[in-house]
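See below for the structure under consideration.
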Amino acid sequence: MTRMERRNLVNGLLFASPYILGFLLFMLYPLAMSFYYSFCQYNVIAKPIWIGWDNYHELFRDSDFTTALYNTLYFTVFSVPLSLAFSIGLALLLNQKVNGMSIYRTIFFLPTIVPVVASAVLWLWVLTPDGGLLNGLLLQFFGIRGPGWIADPAWSKPSLILMNLWTVGTAVVIFLAGLAEVPKELYEVADIDGAGPWGKFRNVTLPLITPTILFNLVMGLIAAFQYFTQVYVMTNGTGSPAKSTLLYALYLYKTSFNYLKMGYASAMAWLLFLVIFAATVLVMVSSKRWVHYHGE
Amino acid sequence: MDTELNSSLSLKRYVGFSILSLLGALFVAWLWPREAKTPEERQALAEGRVIITYWDRHTGHEYEARKSLIDEFNRSQNRIYVRTVVIGSRIEKLLTAIAGAAPPDICSMGTSVLAQLALQGCFTPLEDRMKECPYLEEKDFFPHAWKMVCFDGHVWGIITTIDTTCLLWNKNAFRKAGLDPEKPPKTIAELEEYAAKLTIRSAAGIEQYGFVPWQPWDQTFLWGVMFGGKWWDENTGLLTCGSDPAIIRSLAWQQSFSIDPRSNSNPPYAVDPARTSQGRLGGAYQSANNPFYTGKVAMITEGEWQCTFIPKYAPDLDWGVAPVPQPEEVPPICNSQDGVADAIPSGSRHADEAWEFLKWFYSPRPDGRPSPASDYCMLIHNIPPRKEEALQERFIGDPKFGVFVRQLLERPAASFPTIPAAQFLSDIMDEQREQLLYRVVTPEQAAQTIEQATNAETRAAWKLAGRINP
């Protein structure tokens, strides 16, 4: 390394030092400490007591942990693909050449900017079993007495999945950008070959937006595994009814802040990290088979 | 270009800029007001008064009531100024403040979390200070109220308010069902009979619920007490409900109010638990749409604060209050589950001044008027924990509020176990009651799970504190 290079390196590091310091103090240090606490009994006030792998062993004996994991997997498995399909459908509709399209796009994006707590309270009213908006409509127009939705163990997770469709605005915007990238010539070629709308979607649009699908899939997975605020607000932090909405992040929160078992909660957090990491790696590895990049 | 860039990004300039920024930041920090935030607080500082911080767990009218009394204290003082901060009931804020060596000087706490936090060393014991104050003697308090703040041989707080539960009924609903509106049910058998008569069904569902034992929230503790059950052993600090026949009976009774989908002979008052869980009957609790106010529920078990809420949200409601029905053979008892207490967190920088304020708040005023604490109870319609204050005409003389107060004076009262796993116990009671209503567990299993899981948590909490459960 020449003198100039060394000087540049030092200068570069100095200029980046506010970020590096912030990262070390507010990201790396808490991460490292939470890893350490995951091997301890720790309640914030008292000194942590080292207990080795006990927290991790305990997790696999904890029936609530298994329930929370199952609920989260159920939510993720149904919510992520459904949200993807729904946002692609919406993006296709919002990609039409119709007057006032920017207004429609804004309308569909609006739910995304509604504060999460406010939207959760709103959905609570919509999904109230007796006198709620949804069941009221079902009764008035179809003569059906709707289910208990979020209050019924059989319907609570589907209710959350349904609710989650309301906030696909960000994914839709990304899909719109992806759709804009699809070369028009390919549609012209498909037209000449006599392809119908479905044929064009299946053979032109879909393959060419697979990179966008991959991005939204990974982001959706991460968000679904960490789904928390809505369920916290809607169930008063309990995961009711009958633990059917006790999602992983909610159980983690209860463990840490209601019962002050920070060590145990840290172990849960690290396990969640591993699960998300594994799911992401799996998606990335599989993407080689189904994601097509332009020019490849 | 390269030379230009290097010269503009020179180390000397960078260091110079950094030092300048640092000095700037230090200057702003020096200028930043350390203690005073409002003009009143600046004035107090200028007068040389000590500012102490009070963390209030309440918002809304309860906070306003407390604030008005604290203002009175501040006006009367030339030594101390109390700053009130609304903090809510989340305990993690207090924990992080204590861990960060910046706790408030006083905090108001729900008594149900007091033992959990005390075991971790969050509070300063108050028994020695209390000996100095003639108005804070154990004998003056309702016995159960005093116990709410005692744990592990110490007194951790001064109890400010206590609650009790009664049966509230809608007199119009009684009239429509052909029942005497002045005669509420007294026994469990009568409660069931009335619930059946008051439950009105239609093709669209239930128009009016007669009675739902888990409305407006989980009342598992209450029903265990009303059936004559004993949830815990005060000497060991451990739960004993798993084998208590009365507790198991109370759980089975709650279960009988939920429709069994496999049975053809559900009682006429049985309801769908999914449509009747907390907050699911439509309408926010503190609003005109509360299901009891709108007539959606004809009878409900509720606390004395309804004497403030109903005139405010449903002034036209014709309602009555009576003790909660019990099985005929069980001696009269009442439930006084939780309270609110003031505690001095460990590490408080102005503990003496904090105590000075607390002494003022809980003692009668020098001019003979009642204590600010009893005024506070009056303003928010909660029950004063000191018997003498509860006997004041303004509490006992009120035709409705008086019913709540009298039952505390006339009957023994059961309060929630003061154990370090109280929050866990409250959660697991709710959880097991739900499982019971959906027939996932039997009453016996629910009682045993509550006992075993809570006792395991209690033991773990003691172990974590480096102690053995006495």
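Suppose the filter is within 28 Å of residue B:136 (Cβ to Cβ), in contact (Cβ under 8 Å) with a residue 60 or more places away in the chain and within 14 Å of chain A (Cβ to nearest Cβ); does residue B:467 pass it?
For residue B:467, the condition - within 28 Å of residue B:136 (Cβ to Cβ), in contact (Cβ under 8 Å) with a residue 60 or more places away in the chain and within 14 Å of chain A (Cβ to nearest Cβ) - is met.
Of all residues being among the hydrophobic types (A, V, I, L, M, F, W, C) and not in a loop (DSSP other than H, G, I, E, B) in region B:253-291, which is farthest from the other protein chains (Cβ to nearest Cβ)? Just the residue, please.
Once the filter is applied, the top-ranked residue is B:253.
Go through region B:294-321 and count every residue that is under 24 Å from residue B:183 (Cβ atoms), more than 14 Å from chain A (Cβ to nearest Cβ) and in contact with a helix residue (DSSP H, G or I) (Cβ under 8 Å, 6 or more places away or on another chain).
15
I'm checking my understanding of the structure. Among residues of region B:383-415 that are in a loop (DSSP other than H, G, I, E, B) and touching a strand residue (DSSP E or B) at 6+ places or on another chain (Cβ under 9 Å), which one is farthest from the other protein chains (Cβ to nearest Cβ)?
Filtering first and then ranking leaves B:399.
When the residues of region A:235-256 are filtered to those that are farther than 22 Å from residue B:116 by Cβ and aliphatic (A, V, I, L, M), which remaining residue is nearest to the other protein chains (Cβ to nearest Cβ)?
Among residues in region A:235-256 that are farther than 22 Å from residue B:116 by Cβ and aliphatic (A, V, I, L, M), the one nearest to the other protein chains (Cβ to nearest Cβ) is A:242.
Could you pull out the residue among B:41, B:92 that is more than 30 Å from residue A:42 (Cβ to Cβ) and not in a strand (DSSP E or B)?
Going through B:41, B:92 in turn, the sole match is B:41.
Across region A:70-98, which residue is farthest from residue A:251 (Cα to Cα) among those that are over 15 Å from the mean Cα position of the chain (by Cα) and among the hydrophobic types (A, V, I, L, M, F, W, C)?
So the residue we want is A:98.
For residues that are of a type in the set (Ser, Thr, Tyr) and closer than 21 Å to residue B:449 by Cα, tally how many sit in region A:50-70.
3
Residue B:82 passes all but one of (1) away from chain A (no Cβ under 14 Å); (2) surrounded by fewer than 21 Cβ atoms within 10 Å (Cβ to Cβ); (3) of a type in the set (A, V, I, L, M, F, W, C); which number fails?
For residue B:82, the failing item is (2).
Taking only region B:92-111 into account, find how many residues are within 14 Å of chain A (Cβ to nearest Cβ) and surrounded by 22 or more Cβ atoms within 10 Å (Cβ to Cβ).
Within region B:92-111, residues that are within 14 Å of chain A (Cβ to nearest Cβ) and surrounded by 22 or more Cβ atoms within 10 Å (Cβ to Cβ) number 3.
Quick one: in region B:435-459, of everything that is part of a helix (DSSP H, G or I), more than 10 Å from chain A (Cβ to nearest Cβ) and over 19 Å from residue A:62 (Cβ atoms), which residue is farthest from the chain's Cα centre (by Cα)?
Residue satisfying both the conditions and the ranking: B:444.
Taking helices (runs of 4 or more DSSP H) that fall entirely within region A:181-296, which contain at least 1 residues that are among the β-branched types (Val, Ile, Thr) and under 25 Å from the mean Cα position of the chain (by Cα)?
Output list reads A:210-225, A:229-234, A:262-290.
Yes or no: region A:33-48 includes at least one residue that is in a helix (DSSP H, G or I), on the phi < 0 side of the Ramachandran plot and among the basic types (Lys, Arg).
The answer is no; no qualifying residue exists.
Select from region A:106-119 the residues that are within 20 Å of residue A:245 (Cα to Cα) and touching a Phe, Trp or Tyr at 6+ places or on another chain (Cβ under 8 Å) and list them in ascending order.
A:119
Restricting to region B:2-21, what's the tally of residues that are at the interface with chain A (Cβ under 8 Å from one of its Cβ atoms), modelled with pLDDT under 65 and in a helix (DSSP H, G or I)?
Of the residues in that region, 1 qualify.
Run residue A:259 past the list (1) touching a residue at least 12 places away in the same chain (Cβ under 8 Å); (2) under 25 Å from residue B:116 (Cβ atoms); (3) of a type in the set (Phe, Trp, Tyr) and report the number of the one that doesn't hold.
Residue A:259 satisfies all of (1) touching a residue at least 12 places away in the same chain (Cβ under 8 Å); (2) under 25 Å from residue B:116 (Cβ atoms); (3) of a type in the set (Phe, Trp, Tyr) except (1).
Kindly indicate whether any position in region A:77-96 is within 11 Å of chain B (Cβ to nearest Cβ) and outside any strand (DSSP E or B).
Scanning region A:77-96 turns up no residue that is within 11 Å of chain B (Cβ to nearest Cβ) and outside any strand (DSSP E or B).
Evaluate the following for residue B:258: is it under 31 Å from the mean Cα position of the chain (by Cα), hydroxyl-bearing (Ser, Thr, Tyr) and buried (at least 19 other Cβ atoms within 10 Å of the Cβ)?
It is true that residue B:258 is under 31 Å from the mean Cα position of the chain (by Cα), hydroxyl-bearing (Ser, Thr, Tyr) and buried (at least 19 other Cβ atoms within 10 Å of the Cβ).
The values are calculated or read from the model by the stated rules, or taken from the named source; none is laboratory data. Being a predicted model, the structure only gives us computed values, none of them experimental. As a convention, Cβ positions derive from the backbone with ideal geometry for all residues, glycine included, and neighbour counts pool all protein chains shown.
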